[in-house]
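A short worksheet on the structure shown next.
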Amino acid sequence: MPYTFSKSQEFFDRAKHSIAGGINSGIRMLEQPVPLYFDKGDGARVWDVDGNEYIDFQLGQGALLYGHAPAGLADAIAAQAKLGLHWAAQCELELDVAERLQKMVPATELVRFNNSATEAVMAAFRLARTHTGKKLILRFEGHYHGWSDEGLVGFANPPSTWDDPEPARVHPSKGIIAEVTEQFVVAQWNDIEHLRQRVEQYKGQIAAIVCEPAMCNTCCIEPVEGMLATIRELCDQEGMLMIADECITGFRFGAGGAQDYYDVRPDLTVFGKAIGGGTPFAALTGTREAMAKIISGESIHAGTLNANPLCLAASRWCLDEVIALGSEHPATLNRLGQKLMASLRTLADEHGIPLRPQGPGLAFHSLMLKPGADDRPVKNYRDYVERQDVARWAHLRRCLLEEGVRVIERGLWSISLAHTEQDIDDALRLSAIAFKRHAESWTGA
């Protein structure tokens, strides 16, 4: 029988009386039929307060690369908790983590720690402007760089703006500082000629180009051949900094991050999610030259909880896990993910469902084609908006949830180091039931 969620509903109703909107992150409101409450997790599995068990591909929005509640991580945090929770001062742990990052990530020469990737992005933008003396940041539609005033400019430009040859600078939130939108140039992802035109149009005014090396926040869109190399070339040519936002890709794509996976060297890199294994931890890393204005104090970077020892203890454990995997990482994740992708496509074809999983495997997206949409990989944000059947995916996603397979609402699947062949096989067995239910009950509404 499909799962029911009465206790989660009860808690959510109760939460509305004490928590604004009943949730602590607006994105969680997307979960249907109700934002779920959880009791425990173990490896690739998680259990909600109604006792429902899931094979988890949501993984804390990608933060849980190591799975749920790994014993070593819990022990590392507990050991540090007995020594001290917070000093607002230095400890050897921060050296341990910074030195590991130097060895793992080719473009990392110096490090600064933060509590969230949103903060690290804000620091990177400020640093780039200080470094270059220029005010504009070039970013791409569909790439997510945190929820701040700066992070969401041009993230999800509505189709009503697309006729303008210059992509809009729309911000999805009210209440922002209006002038912030004027500090950005927006470009389309995976269009090299368009990128060159945007840089030429604002020649001499752009401080940095920022991107997710693989666009995981909207669909799961890898860079076309030459895209990242062109960003690097233009930055060198025009005296701009290249900023890689590796909040999702970092350490999932290998010990050196997506920049090593795709062989590109940014000036600054933002790491979040997997770097802390579920703790509130992030890092801004970069070359000595790019970090110079932080060292001089000209670009202010601060934070009471920066380099918190609990988070550092977690991060050291996490990084050591990735280091220990050596060259086999991320090959195993890709293999498991590609098996899952191929089998989901087979199930979809059997039931006449226009699902086209897209991505490298270690992370991939559930592309659900609208009626009549082209059957080809999505290449950028606009392509995705035009072709993704949001309502139909939401229906299938709920069927999967009610049979015990949990996926991020926007359609991203993540494979963890805790997932096994058996987990994939079990997920496919449950997915077969969910796909059949979806095919029989989907009405097109």
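State whether one or more residues within the range 45-59 are modelled with pLDDT of 95 or more, surrounded by fewer than 16 Cβ atoms within 10 Å (Cβ to Cβ) and small (Gly, Ala, Ser). The answer is yes, given that some residue of the range 45-59 is modelled with pLDDT of 95 or more, surrounded by fewer than 16 Cβ atoms within 10 Å (Cβ to Cβ) and small (Gly, Ala, Ser). Can you tell me which residue within the range 226-251, out of those that are of a type outside the set (D, E, K, R) and in contact with a Ser or Thr (Cβ under 8 Å, 6 or more places away or on another chain), is nearest to ILE323 (Cα to Cα)? Per the criteria, the residue is GLY250.
Note on the range 99-124: residues that are buried (at least 20 other Cβ atoms within 10 Å of the Cβ), part of a helix (DSSP H, G or I) and not β-branched (Val, Ile, Thr) total 8. One residue stands out among those in the range 281-331 that are more than 22 Å from the chain's Cα centre (by Cα) and basic (Lys, Arg): the one that is surrounded by the fewest Cβ atoms within 10 Å (Cβ to Cβ), which is ARG288. When the residues of the range 354-374 are filtered to those that are buried (at least 17 other Cβ atoms within 10 Å of the Cβ) and out of contact with any strand residue (DSSP E or B) (no Cβ under 8 Å at 6 or more places or on another chain), which remaining residue is nearest to GLY444 (Cα to Cα)? Restricting to residues being buried (at least 17 other Cβ atoms within 10 Å of the Cβ) and out of contact with any strand residue (DSSP E or B) (no Cβ under 8 Å at 6 or more places or on another chain), the top hit is ALA373.
Could we say that ASP236 is at negative phi and without any contact (Cβ under 8 Å) to a residue 12 or more places away in the chain here? Lay out the reasoning, then the answer.
Details: at negative phi: yes; without any contact (Cβ under 8 Å) to a residue 12 or more places away in the chain: yes.
When the stated conditions are applied, ASP236 passes them.
Just one of (1) over 21 Å from THR4 (Cα atoms); (2) over 19 Å from the mean Cα position of the chain (by Cα); (3) of a type in the set (Gly, Ala, Ser) fails for GLY411. It is (2).
Being among the hydrophobic types (A, V, I, L, M, F, W, C) and outside any helix (DSSP H, G or I) is a property that holds for ALA255. Each residue in the range 60-75 was checked for being buried (at least 21 other Cβ atoms within 10 Å of the Cβ) and part of a helix (DSSP H, G or I), and 1 of them qualify. Here THR332 clears all of (1) modelled with pLDDT of 95 or more; (2) outside any helix (DSSP H, G or I); (3) of a type in the set (Ser, Thr, Tyr) except the condition numbered (2).
Just checking, does the range 177-186 include any residue being out of contact with any Asp or Glu (no Cβ under 8 Å at 6 or more places or on another chain), surrounded by 13 or more Cβ atoms within 10 Å (Cβ to Cβ) and within 16 Å of ALA208 (Cα to Cα)? First the steps, then the outcome.
The initial filter retains those residues of the range 177-186 that are out of contact with any Asp or Glu (no Cβ under 8 Å at 6 or more places or on another chain), namely 178-179, 181-182, 185.
Those still in the list that are surrounded by 13 or more Cβ atoms within 10 Å (Cβ to Cβ) too: 181, 185.
The next check asks that each one be within 16 Å of ALA208 (Cα to Cα); those that pass are 181, 185.
Yes: one or more hits.
Considering only the range 335-366, how many residues are of a type outside the set (Phe, Trp, Tyr) and within 17 Å of the chain's Cα centre (by Cα)? Spell out the reasoning first.
Start the filter on the range 335-366 by keeping residues that are of a type outside the set (Phe, Trp, Tyr), which leaves 335-363, 365-366.
Keeping just the survivors that are within 17 Å of the chain's Cα centre (by Cα) gives 337, 358-363, 365-366.
The total comes to 9.
No other residue among VAL199, VAL210 is touching a strand residue (DSSP E or B) at 6+ places or on another chain (Cβ under 7 Å) and within 20 Å of GLN259 (Cβ to Cβ) apart from VAL210. The number of residues in the range 320-329 that are touching a Leu at 6+ places or on another chain (Cβ under 9 Å) and either part of a helix (DSSP H, G or I) or of a type in the set (Gly, Ala, Ser) (or both) comes to 3. Taken together, the residues in the range 261-292 that are more than 18 Å from ALA214 (Cα to Cα) and part of a loop (DSSP other than H, G, I, E, B) amount to 9.
The values are calculated or read from the model by the stated rules, or taken from the named source; none is laboratory data. Worth saying up front: this structure is predicted, and the values here are computed from it rather than measured. Note that we place each Cβ from the backbone using ideal geometry, even for glycine, and neighbour counts take in every protein chain shown.
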